[in-house]
Amino acid sequence: MSLNVEVATLYRPMPGETACGDRALSWTSGERLLVAVIDGLGHGPFAALAAEAAVDFIAANRDLDLEPLFSGCSEALRTTRGAVMTVIQVNQETGNAWHAAIGNVEARIHGSGDVPLITTPGVVGARMRRLRVRPFELRPGSTMIVHTDGISSRFPFERMLRRRAASVAEELMRDYAKEHDDAGCAVIVS
């Protein structure tokens, strides 16, 4: 079973700001897909520094499993104000996937069974508790949305199903991004 996975990522600074502390990125290497949504604490330049440090570490170490990826990222963020983040790994050949999250970057999925995508309280770079990695199967026809707290969680998830990833990400940013915070999201459609 080889999945045809489509990913869209978007982020923007709080209106009136130029520096953005939210990031949403994806990397593909062979059959392996890695999606990260990061929220540097607060907003503005110091939040952006934390988010950039997380992105730099993940980009340089994206072949690591999730536990060492989060541990290394936490070390890399020690001199920043820290961040919260969710990372998803997917084997696009088998559909096997893994979810890990520290803090309030939410993930919701439809079409892959009853998957509890719960975050662990804490801050990457400061107060990170023991990470819980949750395996699940990304099935054909699934939609997964990962977003920072800069996007209202009150969006109509059911209306987002069976659509192109870019269309969903654009709607989330246009209609559900908060005016008082940075915002970022990733949409995964298989």
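Computed from the C-beta positions of S71 and R174 and an R0 of 41 Å, the FRET efficiency is 0.70 to the nearest 0.05. Among the DSSP helices (H) of the chain, those spanning at least 18 angstrom by Cα along their long axis with an average Kyte-Doolittle hydropathy of -0.5 or more are 45-60; this is a geometric and hydropathy rule only. In terms of its Cα atoms, the chain spans 43, 36, 26 Å along the principal axes, sorted from long to short.
A simple spin-label model places the labels of D56 and R108 3.5 nm from each other, with each point 7 Å out along Cα-to-Cβ. Each label point was placed 7 Å from the Cα along the Cα-to-Cβ direction; for R12 and S153 their separation is 2.3 nm. In terms of surrounding Cβ atoms within a 10 Å radius of their Cβ, D149, D65 rank from fewest to most as D65, D149. Estimated from the Cβ-Cβ distance and a Förster radius of 45 angstrom, the FRET efficiency linking R162 and R129 is about 0.80. Counting charges near M173 (Lys, Arg +1; Asp, Glu -1) among other residues having Cβ under 13 Å from its Cβ returns a value of -4. Cα centroids of region 75-103 and region 112-190: 12 Å apart.
Values in this text are rule-based calculations from the coordinates and carry no lab data. Keep in mind the model is a prediction, meaning the values are calculated, not measured. Every residue, glycine among them, receives a Cβ derived from its backbone with ideal geometry; neighbour counts consider all protein chains shown.
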